[in-house]
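Encoded as structure tokens, the structure appears first; notes follow it.
Taken together, the values in this text are just the output of simple stated rules run on the coordinates, not laboratory data. Quantities reported herein were computed from a predicted structural model and do not represent experimental measurements. Ideal geometry is used to build each Cβ from the backbone, glycine not excepted, and the neighbour counts take in all protein chains shown.
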Amino acid sequence: MARRTLPSGIEVEVLGRCTGGSFCKETATHSVTFAPRPGYTPTGPNHPKGVCQRHVETNYVSDEEYARQNRATSLAFGPRVSRRSQHEIRPLTPQEAVEVAHETAAPERWEAEGRIGVFRRIVELHQAEEIDGVLVDGISAQHVIALYDALKPEQQQLYASWGVLRQVDAAFRLLK
Ligand SMILES: [Zn+2]
């Protein structure tokens, strides 16, 4: 899966999904931010993370529960849960909710764009797919989309009608 940071700064998995578990298919409903404590500044960006209701409950536990799991889990791995007291957890703001909903609706947009939408899906999901029998990887799809988006509408129509190999070839030549 590929995480992305939306314009408001919240991080979600593709399609606006929860970052709280491996391949959680739920849509993010809450924002979780690491709350810096006095004397401790987190290194690196501290983006809020989009998490679903279930993972808010299972991933962020009381200090007592954290200590209990810490004792129960092997030191090599440590507890898989985090301390609720060290995080700010809140429902998505209206702006975040709009951005997440936009991500969730991506498949409908890809569908509406036909074959160009398949190139977009390959880029967004970082997953190669066959288009008309040709296996298209992420880099090729990225080039095709970059070129397509730079074209005027009437040129887009023509470009979209070409065969896959010709589209990819043109994209690599023109975007060098
Ligand atoms: Zn989840």
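Using equal-weight Cα scatterers in the Debye expression, the normalised intensity of the range 16-60 in log10 at q = 0.32 Å⁻¹ is -1.10. With the helix formula -39500 (n - 2.57) applied to DSSP H stretches of n ≥ 4, the chain reaches a computed 222 nm mean residue ellipticity of -13000 deg cm²/dmol. For the range 38-145, applying the loop criterion from DSSP together with a ceiling of 10 other beta carbons within 10 Å to the chymotrypsin sites (Phe, Trp or Tyr not before Pro) yields Y40, F77. The simple spin-label model puts a point 7 Å past each Cα toward its Cβ; for E129 and R71 those points are separated by 5.1 nm. Taking a straight line from the alpha carbon of K176, these aspartates and glutamates sit under 19 Å away, with near neighbours fewer than eight places off in the same chain left out: D137, D149. By the Kirkwood approach, averaging reciprocal distances over each pair of separate Cα atoms, the chain gets a hydrodynamic radius of 18.7 Å. Under a no-solvent Debye model with one identical scatterer per Cα of the range 92-152, what's log10 I(q)/I(0) at q = 0.22, 0.26 Å⁻¹? Calculated log10 I(q)/I(0) at the listed q: -0.88, -1.05.
For the range 142-152, 3J(HN,Hα) computed residue by residue from phi via the Karplus equation (6.51, -1.76, 1.60; θ = phi - 60°) reads 4, 5, 4, 5, 4, 5, 4, 5, 8, 7, 6 Hz, glycine and proline entered as x.
For K49, the aspartates and glutamates whose Cα comes closer than 15 Å to its Cα, not counting residues fewer than 8 places off in the same chain, are E11, E13, E26, E57, E88, E96, E99, E103. Extension gain, E154 to T5: 0.36 nm times the residue separation minus the Cα-Cα distance gives 50.4 nm.
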